[in-house]
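What follows is a set of notes on a single structure, which appears directly below.
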Amino acid sequence: MIVVDASVWIDFFNGQPTWEVDALSDILGERLVVVGDLTMAEVLSGFRQDTDFRRARLLLEICEFRGMVGKEVALQAASNYRRLRRNGITVRKTIDVLIGTFCILNSLPLLHSDRDFDALEEHLGLAVWRG
């Protein structure tokens, strides 16, 4: 199973030619792709056209859905954020710490194209999918 972050899905739906989009295209249908509640909300909220929204929703709903945030993840994410801050690192978006913490706690690799996750990989042991 591989968790795919909104940063990759957004590039995927926008047709951006990135390594991460190619990796997502390769793993769709070959591996179990996990879409979390946070990611689904982030991705789908960006669509302006109803037809694009429906098309994206259909694809995301084919993936393995997981609720990412509960009490355990929320508490650990807060601890992780504070730990990074003590090391002089500020992650720009709390949602990235929540997603990264979910992946760490569930031993799931993350496919992303967001530099905020680099600190979670380096300092907290986040596994990153690199094909």
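Return the only residue of L32, L75, L108, L126 being modelled with pLDDT of 95 or more and touching a Gly at 6+ places or on another chain (Cβ under 7 Å).
After applying the criteria, what remains is L126.
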(request) Would you tally the residues in the stretch 33-91 being out of contact with any strand residue (DSSP E or B) (no Cβ under 7 Å at 6 or more places or on another chain) and under 20 Å from L124 (Cα atoms)? (result) 23
(request) For the stretch 18-33, indicate whether the set of residues that are on the phi < 0 side of the Ramachandran plot, in contact (Cβ under 8 Å) with a residue 24 or more places away in the chain and of a type in the set (S, T, N, Q) is non-empty. (result) yes
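Checking the conditions here, which among R54, R66 is basic (K, R), at pLDDT 95 or above and in contact with a Gly (Cβ under 9 Å, 6 or more places away or on another chain)?
Details: R54 fails: in contact with a Gly (Cβ under 9 Å, 6 or more places away or on another chain).
Criteria check complete, one pass: R66.
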(request) Out of the residues in the stretch 112-125 that are surrounded by fewer than 24 Cβ atoms within 10 Å (Cβ to Cβ) and over 13 Å from L84 (Cα atoms), state the one that is farthest from the chain's Cα centre (by Cα). (result) R115
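Can you name the strands (runs of 3 or more DSSP E) wholly within the stretch 1-102 that have at least 3 residues being surrounded by fewer than 18 Cβ atoms within 10 Å (Cβ to Cβ)? Give the derivation first.
On the way: elements: 2-4, 33-36, 64-66.
Output list reads 64-66.
When you scan the stretch 34-49, how many residues do you find that are touching a residue at least 40 places away in the same chain (Cβ under 8 Å) and out of contact with any helix residue (DSSP H, G or I) (no Cβ under 6 Å at 6 or more places or on another chain)? Explain how you work it out, then say what you get.
In the first step, residues of the stretch 34-49 are kept if they are touching a residue at least 40 places away in the same chain (Cβ under 8 Å); the result is 34, 36, 38-39, 42.
Now drop any that are not out of contact with any helix residue (DSSP H, G or I) (no Cβ under 6 Å at 6 or more places or on another chain), which leaves 34, 36.
Of the residues in that region, 2 qualify.
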(message) For the stretch 103-131, give me the residue count where each residue is of a type outside the set (K, R), at negative phi and part of a loop (DSSP other than H, G, I, E, B).
(response) 9
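For the stretch 6-38, enumerate the residues that are of a type in the set (D, E, K, R) and in contact with a Ser or Thr (Cβ under 6 Å, 6 or more places away or on another chain).
Just the residues of the stretch 6-38 that are of a type in the set (D, E, K, R), to begin with: 11, 20, 22, 26, 30-31, 37.
Of everything in the stretch 6-38, those that are of a type in the set (D, E, K, R) and in contact with a Ser or Thr (Cβ under 6 Å, 6 or more places away or on another chain) turn out to be D11, E20.
The values are calculated or read from the model by the stated rules, or taken from the named source; none is laboratory data. All of these numbers come straight from a predicted model, not from anything done at the bench. Virtual Cβ from ideal backbone geometry, glycine too; neighbours counted across all protein chains shown.
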